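The next block holds one structure in the form of structure tokens; read it before the comments.
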Amino acid sequence: MAAEFILETKGLTKEFKGFVAVNNVDLKVRRGHIHALIGPNGAGKTTFFNLLTKFLPPTRGTITYQGVDITSERPAQTARRGIVRSFQISAVFPHMTVLENVRAALQRGLGTSFHFWKPERTLFHLHRRSEELLASVDLQDFAQEMTVNLPYGRKRALELATTMALEPDLMLLDEPTQGMGHEDVYRVTELIKKVSEGRTILMVEHNMNVVSSIADRITVLQRGAIIADGPYAEVSANPLVIEAYMGTADAALQGAH
């Protein structure tokens, strides 16, 4: 039987020349959940993601994924295990079509990403899966569109499709709705809900309305340490959390009830 928690960190710490960016973090991500990581700017959220994906080595502590200690693995090894991260900045090829972007991601999953000299007809078998993935994020009508021409929210939807092409068990979403207008935020929030079926999502997100509407559990970081962890109603009422957000996000917390 699969373990209840897909990802667990114990005492995870990262120091930079005396500055503690991530401080003794014990986090458990339940399989099949959407788990949100929130906190004010400078709380250590991105550094924590960088530790999970091995872009940074921890100063101390452990990371366990699917019951295996992956603390000292290289980034490529960890990615092959099914942990895939989507970046704050849209990570798609602007001068390829929408379909070609998804197909390139599928090739990466097959280990054939460097076969660009092969005739295009040899890639046709990937078309159907590419079209299915585009349909799953409502981009089926944009398949032949050049990616550079897509509105920002649609680019983020394409990024979700390319992330899903790698068939992750755990998707790490870094600020998926950052810089979006209200309509795009709603669309991408609904897409995250849709693509979460059958997989686990750990997301860093500033928008409290997004967090309150889709997160099963929320962990709040401040100055690199966890100050609260639990369901939204509990976390948003926590005096430490309200104090950490000081007014502006406090209002957002209250307004999202």
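The values are calculated or read from the model by the stated rules, or taken from the named source; none is laboratory data. The model shown is predicted, which means the values in this text are computed figures rather than measured ones. Note: ideal-geometry Cβ built from the backbone for every residue, glycine included; neighbour counts use all protein chains shown.
Determine whether VAL204 is surrounded by 18 or more Cβ atoms within 10 Å (Cβ to Cβ), without any contact (Cβ under 8 Å) to a residue 40 or more places away in the chain and within 24 Å of LEU52 (Cβ to Cβ). In short, no. Just one of the numbered conditions (1) more than 24 Å from ILE192 (Cα to Cα); (2) free of Cβ contacts under 8 Å to residues at least 60 places away in the same chain is not true of ASP26: (2). Residue count for the stretch 198-229, restricted to those that are part of a helix (DSSP H, G or I) and either touching a Cys at 6+ places or on another chain (Cβ under 8 Å) or not hydrophobic (A, V, I, L, M, F, W, C) (or both): 3. For the residues THR78, THR71, the requirement of being more than 21 Å from ILE192 (Cα to Cα), crowded, with 17+ Cβ neighbours inside 10 Å, in the same structural domain as ILE192 (by TED's automatic domain parsing) and at pLDDT below 95 singles out THR78.
Here GLU145 qualifies as in the same structural domain as ARG103 (by TED's automatic domain parsing) and either β-branched (Val, Ile, Thr) or more than 29 Å from ARG31 (Cα to Cα) (or both). In the stretch 185-197 there is at least one residue that is part of a loop (DSSP other than H, G, I, E, B), modelled with pLDDT of 90 or more and either buried (at least 23 other Cβ atoms within 10 Å of the Cβ) or of a type outside the set (Asp, Glu) (or both). For HIS95, the conditions (1) outside any loop (DSSP other than H, G, I, E, B); (2) surrounded by fewer than 19 Cβ atoms within 10 Å (Cβ to Cβ); (3) of a type outside the set (Val, Ile, Thr) are fulfilled apart from (1). Taking the numbered list (1) farther than 26 Å from PHE5 by Cα; (2) out of contact with any helix residue (DSSP H, G or I) (no Cβ under 8 Å at 6 or more places or on another chain); (3) in the same structural domain as ARG31 (by TED's automatic domain parsing) in turn, ASP184 passes all entries but (2). When we screen LEU173, LEU240 for residues that are out of contact with any Gly (no Cβ under 8 Å at 6 or more places or on another chain) and touching a residue at least 24 places away in the same chain (Cβ under 8 Å), the only hit is LEU173.
Picking from residues in the stretch 27-59 that are part of a strand (DSSP E or B) and among the β-branched types (Val, Ile, Thr), the one that is modelled with the lowest pLDDT is ILE38.
I'd like to check something: does the stretch 180-188 contain any residue that is under 20 Å from VAL84 (Cα atoms) and of a type outside the set (Phe, Trp, Tyr)?
Checked the stretch 180-188: at least one residue is under 20 Å from VAL84 (Cα atoms) and of a type outside the set (Phe, Trp, Tyr).
Under the condition of being of a type in the set (Gly, Ala, Ser) and crowded, with 20+ Cβ neighbours inside 10 Å, the residues counted in the stretch 42-68 number 2.
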